[in-house]
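The values are calculated or read from the model by the stated rules, or taken from the named source; none is laboratory data. Predicted model, so just to flag it, every value in this text is computed and none were measured. Cβ placement follows ideal geometry from the backbone for every residue including glycine, while neighbour counts extend to all protein chains displayed.
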Amino acid sequence: MDSDTDVNRTEPLLALRGISKRFAGVRALDRVDLDVRAGELHVLFGENGAGKSTLINVVSGTFPADEGTFHFGGEEIRHLTPQRARAIGISPVFQEFSLVPSLTVEENLFLGREVSNGGVLLAREMRKRATALIDELGFDLDPSQRVDDLSRAHQQMAEIAKALLGRVRLLILDEPTASLTERETGRLFELIARLKRQNVGLIYVSHRMREIRALADRVTVLRDGRHIRTLEAASSTDGELVELMTGRKIDLLFPAITHQPDKVMVDVENLTLADGSVRDVNFYAQAGEITGIAGLVGCGKSELIRAIYGLAPIASGVVRLDGLPYEFPAPRRSLKHGVAYFPANRIAEGLALSRPIRENASMTALDLPAFARFGMLRQAAERVTITGIMERLQLRPPNIERTAGALSGGNRQKVMLGRALTRELTVFLFDEPSVGIDVGAKLEVYEFMKRLVEAGAAVIVVSSELPEVLALSNRLYVMHNGRIAAELKGAEKTEQNVLASFFRDHLTAEVA
Ligand SMILES: Nc1ncnc2c1ncn2[C@@H]1O[C@H](COP(=O)(O)OP(=O)(O)OP(=O)(O)O)[C@@H](O)[C@H]1O
Ligand SMILES: [Mg+2]
């Protein structure tokens, strides 16, 4: 993680001029300029599909730009490849993971740059370096574990570690915290501060306003592949950034939802999961209301709804749906019972990337014949329905016959969410619904939930974003260490009360 201080103060570390990139039918970048200074954290801000990841791919040599010039450290760069980018100190952490699942963390770290001595790989040397690096980062990560055995958060840590191996002058992070725990997010922010002091330049992509506020020196706003403006973070407001991003004024408020709690649709009694992540939990959700579950990452809140849907094995306890016991939950049967689940991890758990958006949204890609009864008219009916839904979610570009794999990260999330409206469902389980989607889409998702509950569905929202879950829910559970720490209603539903429950254990432990 060494760095350079040889960059002239007046000259930016990275200078892009007039960068354009086209994909079949889409102008992903249209004559974009970007300067990143040494020691600066530069945020790229824009709606889903604005071109942020594409720009990062150009900077890291994944593919060439169609036109434009590229200067790095004062030198003009042509024909950049990923290897060359690395060699000159450009180090990307991509939005989609790039690790080889069947290899260990350390094998991944050294892939393509194995430490060898006359052809002999120095396994011990690699282990030592990997351990030293991970220790320095403060990550709780075992270098000898296989990547496919790791949680999302740990995979993300491994990606970051990999990017920091060797000499880094420009570190690029594309939504790095989307699947990090709070603790690791804190570690990452410390690391960023350290790198800045070492004069490393950073490009950082995030949809999270609070993160942008905490980290950014400057912000470049992209819209529809174009450079809109570059601003000093300190002298810009959230409203201004959002307005530049969307081209219109947007109210950042949550919708007012009318909750009319009715039948208990989901009822969980003394639930304990096989992996111990949830212990002895009692919980219920009614039709006509949003039930929130708050808690720190790793508290068991995601596992709880995953178990209801059938994605996490149950050790003991009872799950009831609409009053009837639901034994050995499994995703397909859950859907038949009218229960839908929206994972936080949109890539691994949800989409068939080689299939059209239409199929993915209607779930025919998953072999669930949602529109089967239409026979010959199936495709046409499907197209009309999905087109309508995707219009509401502002899918970009709005063509549902493209493959899901050609979509930007946030737009993939929209396809996942779009599924909610294609079937007769009564229970909706949302796991971190707003991760990775832009402000406009967030508001759409909230409006969705509003429509769902007001039409009588039971909606359960698991979220680490406290303002979100406080504003949306009618009743709010707080989980801590696998257990329900509090249930808050009405006026009790305050940030202070939630935080008090997060930390109650620590407090009582100290008092005792
Ligand atoms: N491999 C590809 N093939 C075809 N089109 C693509 C491909 N990759 C990106 N695009 C298109 O280029 C545009 C920009 O996408 P990009 O991934 O850069 O967006 P983004 O700003 O990173 O969005 P998000 O916030 O959703 O991650 C989008 O219209 C997208 O559909
Ligand atoms: Mg992206």
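Table: residues versus (1) without any contact (Cβ under 8 Å) to a residue 24 or more places away in the chain; (2) away from ligand 1 (no atom under 16 Å from the Cβ); (3) more than 18 Å from the chain's Cα centre (by Cα).
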{"residue": "TYR204", "(1), (2), (3)": "no, no, no"}
{"residue": "ALA216", "(1), (2), (3)": "no, yes, yes"}
{"residue": "THR220", "(1), (2), (3)": "no, no, yes"}
{"residue": "HIS227", "(1), (2), (3)": "no, no, yes"}
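Within region 201-210, can one find any residue that is closer than 30 Å to GLU11 by Cβ and not in a strand (DSSP E or B)? Spell out the reasoning first.
Step one: filter region 201-210 for residues closer than 30 Å to GLU11 by Cβ, giving 201-206.
Filter once more, so that each one left must be not in a strand (DSSP E or B): 206.
Looking for residues that are closer than 30 Å to GLU11 by Cβ and not in a strand (DSSP E or B), one finds at least one in region 201-210, hence yes.
Across region 31-50, what is the number of residues that are in a strand (DSSP E or B), touching a Ser or Thr at 6+ places or on another chain (Cβ under 6 Å) and within 12 Å of ligand 1 (Cβ to nearest atom)?
Total satisfying the criteria: 1.
What number of residues within region 145-178 are at negative phi and within 16 Å of ligand 2 (Cβ to nearest atom)?
8
PHE94 is checked against (1) at pLDDT 95 or above; (2) within 11 Å of ligand 1 (Cβ to nearest atom); (3) aromatic (Phe, Trp, Tyr) and fails just one. What number does that condition carry?
Single failed check for PHE94: (1).
Among the residues of region 298-318, count how many are closer than 21 Å to GLU487 by Cα, among the hydrophobic types (A, V, I, L, M, F, W, C) and surrounded by fewer than 21 Cβ atoms within 10 Å (Cβ to Cβ).
Of the residues in that region, 1 qualify.
Can you spot a residue in region 161-172 that is within 22 Å of the chain's Cα centre (by Cα), without any contact (Cβ under 8 Å) to a residue 60 or more places away in the chain and buried (at least 21 other Cβ atoms within 10 Å of the Cβ)? Step through it out loud before you land on a result.
Looking only at region 161-172, we keep the residues that are within 22 Å of the chain's Cα centre (by Cα), and these are 161-164, 171-172.
If we keep only those that are without any contact (Cβ under 8 Å) to a residue 60 or more places away in the chain too, we end up with 161.
From what's left, buried (at least 21 other Cβ atoms within 10 Å of the Cβ): 161.
Yes, some residue in region 161-172 is within 22 Å of the chain's Cα centre (by Cα), without any contact (Cβ under 8 Å) to a residue 60 or more places away in the chain and buried (at least 21 other Cβ atoms within 10 Å of the Cβ).
Could you tell me how many of the residues in region 8-26 are within 16 Å of ligand 2 (Cβ to nearest atom) and at pLDDT below 95?
2
Failed condition for THR5, given (1) more than 28 Å from VAL439 (Cα to Cα); (2) hydroxyl-bearing (Ser, Thr, Tyr); (3) at pLDDT 90 or above, with all others met?
Unmet condition: (3).
Which of the residues spanning region 449-469 are touching a Leu at 6+ places or on another chain (Cβ under 7 Å) and part of a helix (DSSP H, G or I)?
Those that are touching a Leu at 6+ places or on another chain (Cβ under 7 Å) and part of a helix (DSSP H, G or I): MET449, VAL469.
Within the bounds of region 354-361, is there any residue that is more than 27 Å from ALA153 (Cα to Cα), at pLDDT below 85 and within 16 Å of ligand 1 (Cβ to nearest atom)?
No, the conditions are met nowhere in region 354-361.
How many residues are in a strand (DSSP E or B), of a type outside the set (A, V, I, L, M, F, W, C) and either away from ligand 1 (no atom under 16 Å from the Cβ) or at pLDDT below 95 (or both) if we restrict to region 68-91? So that I can check it myself, show each step before the final result.
Initial filter on region 68-91 (in a strand (DSSP E or B)): 68-72, 75-76, 90-91.
Within this subset, residues satisfying the condition of being of a type outside the set (A, V, I, L, M, F, W, C) are 68-69, 71, 75-76, 91.
If we keep only those that are either away from ligand 1 (no atom under 16 Å from the Cβ) or at pLDDT below 95 (or both) as well, we get 69, 71, 75-76, 91.
The qualifying residues number 5.
Of the residues THR185, THR181, which is touching a Gly at 6+ places or on another chain (Cβ under 6 Å) and polar (S, T, N, Q)? Can you show your working first?
Details: THR185 fails: touching a Gly at 6+ places or on another chain (Cβ under 6 Å).
That would be THR181, the only listed residue that is touching a Gly at 6+ places or on another chain (Cβ under 6 Å) and polar (S, T, N, Q).
Restricting the search to region 406-438, which residues are within 16 Å of ligand 2 (Cβ to nearest atom), out of contact with any Ser or Thr (no Cβ under 7 Å at 6 or more places or on another chain) and part of a helix (DSSP H, G or I)?
Applying the first criterion (within 16 Å of ligand 2 (Cβ to nearest atom)) to region 406-438 yields 406-416, 434-438.
In the following step, the residues that additionally are out of contact with any Ser or Thr (no Cβ under 7 Å at 6 or more places or on another chain) were identified as 406-407, 410-416, 434-438.
Passing the criteria: ALA406, GLY410, ASN411, ARG412, GLN413, LYS414, VAL415, MET416.
Among the candidates SER53, SER98, single out the residue that is within 16 Å of ligand 2 (Cβ to nearest atom), out of contact with any Phe, Trp or Tyr (no Cβ under 6 Å at 6 or more places or on another chain), assigned by TED's automatic domain parsing to the domain that holds LEU173 and in a helix (DSSP H, G or I).
Values: SER98 fails: in a helix (DSSP H, G or I).
Selected residue: SER53, the only one of SER53, SER98 that is within 16 Å of ligand 2 (Cβ to nearest atom), out of contact with any Phe, Trp or Tyr (no Cβ under 6 Å at 6 or more places or on another chain), assigned by TED's automatic domain parsing to the domain that holds LEU173 and in a helix (DSSP H, G or I).
Could you please find all residues in region 422-473 being within 16 Å of ligand 1 (Cβ to nearest atom) and either of a type outside the set (Val, Ile, Thr) or modelled with pLDDT of 90 or more (or both)? Please lay out each step first, then the result.
Initial filter on region 422-473 (within 16 Å of ligand 1 (Cβ to nearest atom)): 432-445.
Scanning region 422-473 gives GLU432, PRO433, SER434, GLY436, ASP438, GLY440, ALA441, LYS442, LEU443, GLU444.
Pairs please, first residue from region 379-404 and outside the structural domain of ALA50 (by TED's automatic domain parsing), second anywhere and within 16 Å of ligand 2 (Cβ to nearest atom) and not in a helix (DSSP H, G or I), Cβ atoms under 6 Å, 6+ apart in sequence or on different chains.
Listed by first residue and then by second, the contacts come to ARG396/GLY49; PRO397/VAL26; ALA404/LEU351; ALA404/LEU353.
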